[in-house]
Ligand code: UGA
């Protein structure tokens, strides 16, 4: 199959490289000439484990190419995927669809022969209808079908998620489009793979419902963590105890500082807006958003509490800044309100992150950036673990303690055991473990 991917952001680049790896002929298009030139030089603009190698191997094999002009590749394509950004619109929380619609019009003008136009970007219910209308308006003779094929990739695990998906959702009623999409995903469906065909609007809603449900699970266990702290219970065991019930499932029940990233906050906000527009308020999702925002802001108070309430002149070491490990992404990271809260309280903040420091400097310019975890801990009155990078999971505890001014650790990801930390002489505070 010949595939054109519009947008070389996170989703576009990962999907394009993986489709090429399946054996398809893929051209990735981006308006940003600098980005395309960098990709031609073999430079990958995002941090995703394994992506460099995957791109390089498929470029070398002649299956993956990059260009700024969509005309030729769209004309030759069996399927054109729209994988451009859909940021939250300032003010109202709706997804900003201007990039999607601009892409649809440009694609329309370049279509030749039967082509499936696929929205891969996360788009509100009904966007596919508008994309179809724009294509018909721009090029009335075009032979195109519009499908929705949402992605369920996690940053940091995107290639694995693409190649071993729990399911692939394809939303279109057009038989020819279903055939093309089935062919594109054939390598995944050979062993009765998890291909699911639905109506287009249903596929669009599945994406939002999935993210909102996962965000709800996280927020639920975070509230249980707060309760566990008060009643002297252990939220990790609560999560295991409920997660072993197959009806609940064990994943996404890890309590922490609140969810962040480029998807959950944005998508839950957009779902709330869509629901409002249709006069069907989704109160659970509204509550999830409010509880999560509060939680992120409350983390600075948790640190202050661990230090006895007075933060003025204190030095706080922060380990991990990105919204989760294995990414350099700082979008809506819990570290941002935490660090801002700590500095507002009069503390000095030092920080270290294995991949996110360049991005973090733009968000948090007024703190000290360190070489590694031990450099960060030097002279600190407390050390806060915000992101559970593997590098932080087996720190040399005596060395850490010797470096610090006071042996206080606030572990917002529960990556250490309270007994172990006590043995090493730390005053240890974690999430939802009754301490
Ligand atoms: C999420 C979804 O997991 C993907 O399926 C989806 O495709 C993607 O959004 C998207 O819509 O593009 P991602 O944002 O990369 O992926 O990251 P997650 O691993 O889901 O983590 C999101 C946030 O939840 C992080 O801040 C993480 O620390 C937090 N989290 C996750 C918890 O606090 N506890 C958990 O148990 C799981």
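Values quoted throughout were computed directly from the atomic coordinates according to the rules given, and no laboratory measurement underlies them. Bear in mind the structure is a predicted one, so any value in this text is a computation, not a measurement. Every residue, glycine as well, gets a Cβ built from its backbone with ideal geometry; the counts of neighbours run over all protein chains shown.
Before moving on, here are some points about what is shown:
- Inter-label distance for residue 405 and residue 372, nm, one decimal - labels placed 7 Å from Cα along Cα-to-Cβ: 2.4 nm
- The chain: calculated mean residue ellipticity at 222 nm from DSSP helix runs of at least 4, using -39500 (n - 2.57): -13500 deg cm²/dmol
- With Cα atoms, 0 to 90° folded angle of helix 51-60 axis to the chain main axis: 30 degrees
- Note on the chain: Kirkwood hydrodynamic radius from all Cα pairs is 23.3 Å, rounded to one decimal.
- Choice from 230, 296, 324 showing the highest fluctuation, given a GNM over the chain with Cα pairs closer than 10 Å: 230
- Among 331, 297, 399, the residue with the largest mean-square fluctuation in a Gaussian network model of the chain, with springs joining Cα atoms closer than 10 Å, is 399.
- Extended-chain gain in nm, criterion 0.36 nm per residue less alpha-carbon gap, residue 89 and residue 246: 52.7 nm
- At q = 0.13 Å⁻¹ the log10 of I(q)/I(0) for the range 297-429 amounts to -0.45, computed by Debye summation with a single uniform scatterer per C-alpha, solvent ignored.
- For a label point 7 Å along the Cα-to-beta-carbon line of residue 40, residues of the range 61-102 with backbone N under 16 Å: 64-73
- P(r) histogram, all alpha-carbon pairs of the range 254-342 included - 10 Å bins from 0, percent: 16, 40, 28, 13, 3, 0
- Once the Cα atoms are used to define both axes, helix 127-138 deviates from the longest principal axis of the chain by about 40 degrees.
- Per-pair calculated FRET efficiency, R0 = 60 Å: residue 396 and residue 136 via Cβ, rounded to 0.05: 0.40
- Per-residue Cβ neighbour rank within 10 angstrom, fewest leading, 213, 264: 213, 264
- Percentage relative contact order, the chain, counting C-alpha pairs under 8 Å, at least six apart: 12 percent
- Once the C-beta distance of residue 361 and residue 223 is scaled by a Förster radius of 41 Å, the resulting FRET efficiency is 0.80 to the nearest 0.05.
- Dividing the convex hull volume of the alpha-carbon atoms in the range 2-198 by its residue count gives 118 Å³ per residue.
- Exposure proxy for 120, 207: other Cβ atoms within 10 Å of each Cβ, ordered fewest to most, give 120, 207.
- Debye log10 I(q)/I(0) at q = 0.23, 0.26 Å⁻¹ for the range 120-192, Cα point scatterers: -1.12, -1.25
- Angle in degrees between helix 175-184 and the longest Cα principal axis of the chain, rounded to the nearest 10: 50 degrees
- Residue 199-residue 233 pseudo-label distance in nm [points 7 Å out on the Cα-to-Cβ vector]: 4.1 nm
- The distance separating the Cα centre of the range 44-63 from that of the range 178-215 comes to 25 Å.
- Computed E for residue 61/residue 310 - FRET, C-beta separation, R0 60 angstrom, nearest 0.05: 0.45
- Listed by Cβ neighbour count within 10 Å, with the fewest neighbours leading, 276, 429 appear as 276, 429.
- Here's the picture: a label point sits 7 Å out from the Cα of residue 114 along the beta-carbon direction, and within the range 148-179 the residues with their amide nitrogen under 12 Å of it are 174-179.
- For the range 143-282, the alpha-carbon radius of gyration amounts to 1.26 times the rule-of-thumb value 2.2 N^0.38 Å expected for a compact globular protein.
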